[in-house]
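Working notes for the structure below.
Read-outs: derived from the displayed coordinates by stated rules, not from any lab. Predicted model only: the values in this text are computed from it and were never measured. FYI the Cβ positions are ideal-geometry reconstructions off the backbone, even for glycines, and counts take in every protein chain you see.
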Amino acid sequence: MELKTKSKMFCSCKNGLGQESAPNVHICPVCTGQPGTLPVPNQQAIEFVQLAGLALNCELNLKSKFDRKNYFYPDLPKGYQISQYDQPLCGLGNMDIATSVNPHQSGVPDSFSQGGKQVSNNTIKKIGITRIHLEEDTGKLVHPTGASYTLVDFNRACVPLMELVTEPDIENGEQARLFCTKLQQICRYLGISDADMEKGNMRCEVNLSLHKENEEKLSGTKVEVKNINSFRYVEKAINYEIERQTKLLDEGEKIVQETRGWDSVKNVTVSQRKKESAHDYRYFPEPDIPPMEFSQSYVDQLRLKLPELPAAKEKRFAGEYGLKADDIAVLTAAQDLAQYFENIMSELREKITSHEIQASEEKATKLAVNYLISELRKHLAENKHDVRDLKISSENYAELIGIVADGKINSSAAQIVLKEMYHTGGDPSQIIAEKNLGQMEDAGELESAVEKVLADNQKSVDDFKAGKENALKFLMGQVMKETGGKANPQVVLEMLKKKIS
Ligand SMILES: [Zn+2]
């Protein structure tokens with residue numbers, strides 16, 4: 001996971017923007033590995049990793065250090081990567097995921113299953129975290145099409161990289177997807193990374209091996225799957241590998257230790273390179289950076305910086321607003337949306353207390369959630385916007401909800417108003433007045449519209465009398481059309497029934 005610090009891991013070059021700009025502009029003698037330069041660790045990056053550790057129930061190591069991982073590759077200017085070996089910033093931790101299915105019902109064969117305990121339907125499963133450490137990213141190799149050479153872009157070299165390793169607790173693709181999704185959510189809540197798989201600032205490497213059911217010993221050899229750029233592909237790649245390896249083992253074949261890649265077109269993993277033996281990185285303590293020591297009071301202070309995390313927010317939303325689990329999941333997926341919802345709720349409560357809104361809080365809450373989840377999110381998706389781009393203030397949103405809850409406009413008019421508000425950020429009452437969308441208050445006007453529709457549609461009236469319920473819906477639609485959508489559907493329904501009988 002690339003961390004969202006202002007500067008790089010060991011120099012003052014700009015981090016973040018660099019990767020989208022021209023190549024090799026955010027570089028300096030330190031991150032291009034010139035002789036005689038010295039690295040200076042980025043304090044914010046260290047704090048970010050420790051915050052992630054606290055959020056994931058990890059033990060924070062009070063003594064930690066950087067190590068050199070030696071290997072040669074053209075995108076690694078120093079000939080080694082500064083990483084952490086035996087004293088990472090964070091030790092053992094865990095994360096709960098809510099799995100929805102039994103792995104044995106999700107296409108995973110019976111004879112082999114990955115390490116960990118079996119789970120049943122809708123269970124909370126604890127995924128152990130082995131460690132979280134901090135290192136630097138490498139540069140990027142660029143292979144221009146048709147060219148006989150390769151270019152190196154060092155903008156990404158030395159960008160702080162947080163690496164998290166889990167215990168062998170994940171049993172299938174679904175669990176891996178859930179774990180990655182939640183990790184992404186937590187990192188975004190913490191504000192430490194954009195954690196976007198497509199942009200490459202969150203990457204996932206799968207290590208998979210099988211064991212016979214009821215046997216601890218791993219029957220297969222470890223297979224690594226790399227180059228996966230979405231959570232869906234993580235899930236598919238794992239399920240594919242489980243099936244592939246199970247078949248091989250059932251046929252008495254051996255699994256080859258290798259690195260495979262995910263082919264998202266063919267939906268298969270493909271062998272990329274075989275590993276003859278484990279790479280010897282000749283780790284040794286980084287001599288240019290002194291070891292780090294942290295006091296317990298520093299850790300206690302850091303804990304105070306933790307924001308309300310997704311699990312706590314979900315629990316509070318259930319208690320404070322009485323929302324359904326599905327709605328809570330949508331509203332708390334991103335902090336911005338959750339905050340927007342809470343601002344709306346505080347406006348609504350104020351308007352209800354001051355009798356500006358007559359409807360009950362329960363009714364208003366339900367409407368606010370429904371319009372947020374269906375209508376507003378639809379507009380956001382259509383316009384490729386983020387909650388931060390919203391022009392609708394929480395006050396105006398709450399005002400619209402109040403107007404709908406009190407039956408002053410119907411839902412089709414509300415959708416028009418919301419769309420207008422979305423694009424102009426306007427005030428709902430003003431839009432309703434301008435567009436003449438207020439509900440028809442004049443009973444006489446409505447009555448004549450109903451009578452006209454009944455007279456024009458004698459066949460539907462007869463159908464309804466003959467027991468065809470759909471005919472009534474058709475008549476309702478005609479009245480709404482006649483009144484330009486301004487009639488109150490409930491009143492129309494009553495009036496139609498009364499007039500027909
Ligand atoms: Zn630099």
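With an 8 Å cut-off on Cα pairs and a minimum separation of 6 or more residues, tell me the relative contact order of the chain in percent.
12
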Of 391/486; 65/126; 452/481; 182/236, which ones are farther than 20 Å apart at the Cα? 391/486; 65/126
Please give the length that would be gained between residue 474 and residue 283 if that part of the chain were fully extended, namely 0.36 nm times their separation in residues minus their C-alpha to C-alpha distance (nm, one decimal). 61.1 nm
Given points 7 Å out from each Cα along the Cα-Cβ axis, report the residue 294 to residue 494 separation in nanometres with one decimal. 6.5
Going residue by residue through the range 136-151, the Karplus relation 6.51 cos²θ - 1.76 cosθ + 1.60 with θ = phi - 60° gives ³J(HN,Hα) values, rounded to whole Hz and with x marking Gly or Pro, of 10, 7, 9, x, 10, 8, 10, 10, x, 5, x, 7, 9, 10, 10, 9
Mean shadow area (nm²) of the C-alpha convex hull around the range 240-295 is 8.2
Based on alpha-carbon centroids, what's the gap between the range 136-159 and the range 257-307 in Å, whole number please? 21
Value of relative contact order over the range 204-362, rounded to a whole percent, pairs C-alpha under 8 Å and six or more apart: 12
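Would you mind calculating the relative contact order of the range 296-422 from Cα pairs under 8 angstrom and at least 6 residues apart, reporting the percent as a whole number?
Across the range 296-422, relative contact order equals 24 percent.
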Shape call, the range 251-337: gyration tensor on alpha carbons, a/c limit 1.5: oblate
At 4 °C and 1.567 mPa s, grab the translational diffusion coefficient of the chain from Stokes-Einstein with a Kirkwood Rh over Cα pairs, rounded to a whole number in µm² per second. 47
Please give the length that would be gained between residue 377 and residue 395 if that part of the chain were fully extended, namely 0.36 nm times their separation in residues minus their C-alpha to C-alpha distance (nm, one decimal). 4.7 nm
Translational diffusion of the range 310-411, µm² s⁻¹ [Kirkwood Rh, Cα pairs; Stokes-Einstein; 4 °C; 1.567 mPa s]: 94
List residues of the range 166-185, by number, whose backbone nitrogen lies under 14 Å from a label position 7 Å along Cα→C-beta of residue 92. 167-168
Check: C-alpha center the range 402-418 vs C-alpha center the range 435-483, spacing in Å is 20
The range 347-362 versus the range 185-256: alpha-carbon centroid distance in Å: 50
Based on the alpha-carbon gyration tensor of the range 192-339 and its eigenvalue square roots a ≥ b ≥ c, which shape applies: rounded if a/c is under 1.5, prolate if not and a/b is larger than b/c, or oblate? oblate
Select from the range 250-297 those trypsin sites (Lys or Arg not before Pro) which occupy a DSSP coil region and have at most 11 other Cβ atoms within 10 Å, ordered by residue number. 254, 266, 282
Show the residues, 5+ positions off or on another chain, whose built amide H is closer than 5 Å to the amide H of residue 166. 130
What does the convex hull of the Cα atoms of the range 395-485 come to per residue, in Å³, rounded to a whole number? 104
Please give the FRET efficiency for residue 271 paired with residue 304, using the beta carbon to beta carbon distance and R0 = 45 Å, rounded to the nearest 0.05. 0.40
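Within the range 254-359, count lysine pairs with alpha carbon atoms under 19 angstrom apart where the residues are 8 or more positions apart or belong to different chains.
Lysine pairs meeting both conditions in the range 254-359 amount to 5.
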Computed about the Cα centre, the charge dipole of the range 370-455 from +1 Lys/Arg and -1 Asp/Glu charges at the Cβ has a magnitude in debye, to the nearest 20, of 480
Which helices, counted as full DSSP H runs in the chain, have an axial Cα extent of no less than 15 Å and a Kyte-Doolittle average of -1.0 or above? 43-55, 173-190, 231-250, 335-353, 394-405, 411-424, 443-456, 469-482, 489-500
For residue 227, other-chain or 5+-apart residues with amide H closer than 5 Å (H placed, Pro excluded) are none
Restricted to Cα positions, what overall size does the range 275-326 have along the principal axes? Three whole-Å values, descending. 56, 40, 14
Computed magnitude of the charge dipole of the chain (debye, nearest 20; Cβ of K, R +1, Cβ of D, E -1): 740
Want the number for residue 423 to residue 124: 0.36 nm per residue separation, take away the alpha-carbon distance, what's left? 103.5 nm
Do any chymotrypsin sites (Phe, Trp or Tyr not before Pro) in the range 1-103 lie in a DSSP loop with no more than 15 other beta carbon atoms within 10 Å, and if so, which? 71, 72
Using amide H atoms built 1.01 Å from N in the peptide plane, name the residues 5+ places from residue 201, or on other chains, whose amide H lies under 5 Å from its own. 196
Among rounded, prolate and oblate, which fits the range 159-238 when a ≥ b ≥ c are the square roots of the eigenvalues of its C-alpha gyration tensor, a/c under 1.5 means rounded, and a/b larger than b/c means prolate? prolate
Cleavage-rule hits (trypsin sites (Lys or Arg not before Pro)) in the range 381-479: DSSP loop, at most 10 neighbouring Cβ within 10 angstrom: 384
